[in-house]
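> To start, I am sharing the structure in question, which I have written as structure tokens.
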């Protein structure tokens, strides 16, 4: 009887070992084959959940999921261009389908056969053409690839190589000057100007400058601010500092306008990447931007003349701090950074964004291009090298279009997701083995 029991235990151990090896093999197979798929699925789901909150709060935005075809016609003839946003994005959904003259914006996928352009946000689609609506695509239809994130984020935070998408899209749409549809982070400055005497009067903050940031991890930006604080006073706003700033744009500008300088430090040093940190938080708040990001030449190509201070112009942090102190003590020199109010014309930009309406800067330039372009679409054959730069190699972390100092503004989340589903898998395997072992032990005892 003892020999039989020993034999049974040995057999159970052998079967358990084989089963564990099989479970490990299955995990490795799942990891190698589906890790990126799982990551993208969870990422898209998380984006959708954050965006859906905006739709729940706004009935007008929900109405855009059903196209009103009457909006496309005048006297029974189709005159308006239809822009279909394939997957809604952002926490500020579009609420006005006809906000861009001559075009109608919709989320109604059933209207794809009528759409003149279909917009795909890079973060809402997989790094593969397999999930796109190929069977519904019209020959003369423009598929538009949209990104307002820098290449470093697209590649390393969102884990997109873009190589599988070469030749898929007709147009690119981004803040880049060489995009087919140019959509910079601009705003209308006509209402912020005031007499320079009044401008100086509002600069009553106890600190010289302000910085607003949501990333609490060590970065080049945080190192710069830390070094500057040894020489000048800087107020930090955001979750990291414990000093939150109001969320409304008008309220933010009222607070930031009290400072002489705003530190518009971009999270990535990539070509043309100049965001609302510069346009809205700094210039829009009547503060002189102290910028760190792309090159001075990139800033000068789009910014008002003599409107900003670039950190790369100074050999040391001490030199930068000394210059800021000099401007603080010399009103005449400081006010020269606002001379552009009298001379700069904004006509070279698309219609700027307005507070609370995210459709203006991004969809109206697309609408204008649809009306100006013939019916023969081209395709972006090398989306990956265009976006990441000539010489891009997906196996190399460096991106030619970005400075070597570029880095993510947050931790990569892929390893956390991999760890989470790995833990879930092995816990599930352990539970299954425990149940099997218990059932076998019960069977053994019942036989006895």
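Bear in mind that the values in this text are calculations on the coordinates, not laboratory data. Keep in mind the model is a prediction, meaning the values are calculated, not measured. Cβ: placed from backbone, ideal geometry, glycine included. Neighbour counts: every protein chain shown.
> Among 85, 38, 427, what is the fewest-to-most ranking by other Cβ atoms within 10 Å?
Fewest-to-most Cβ neighbours within 10 Å comes out as 427, 38, 85.
> Would you work out the relative contact order for the range 161-295, in percent, from Cα pairs under 8 angstrom that are 6 or more residues apart?
Worked out over the range 161-295, it gives 26 percent.
> I'd like the FRET efficiency for residue 247 and residue 99, computed as 1/(1 + (r/R0)^6) with the beta carbon distance as r and R0 of 25 Å, rounded to 0.05.
It comes to 0.65.
> Calculate the FRET efficiency for residue 254 and residue 128 from the Cβ-Cβ distance with a Förster distance of 56 Å, rounded to the nearest 0.05.
0.75
> For the range 196-343, what value does the Rg/Rh ratio take when both radii are computed over Cα atoms and Rh is the Kirkwood radius, given to two decimals?
0.92
> Quick check on the exposure proxy: order 434, 128 from fewest to most C-beta atoms within 10 angstrom.
Ranked by crowding around the Cβ, least crowded first: 434, 128.
> In whole angstrom, how far apart do the alpha carbon centroids of the range 324-347 and the range 152-192 sit?
Rounded to whole Å, the Cα centres lie 31 Å apart.
> So if R0 is 30 Å, what FRET efficiency would residue 315 and residue 197 give, r being the distance between their Cβ atoms, rounded to the nearest 0.05?
Efficiency at R0 = 30 Å is approximately 0.30.
> Within a 10 angstrom radius of the beta carbon, how do 367, 21 rank from fewest other beta carbons to most?
Going from least to most buried by this count: 21, 367.
> Right, here's the next one. Contour minus end-to-end for residue 322 and residue 428, with contour as 0.36 nm per residue of separation and end-to-end as the Cα-Cα distance?
Here the segment from residue 322 to residue 428 would lengthen by 32.1 nm.
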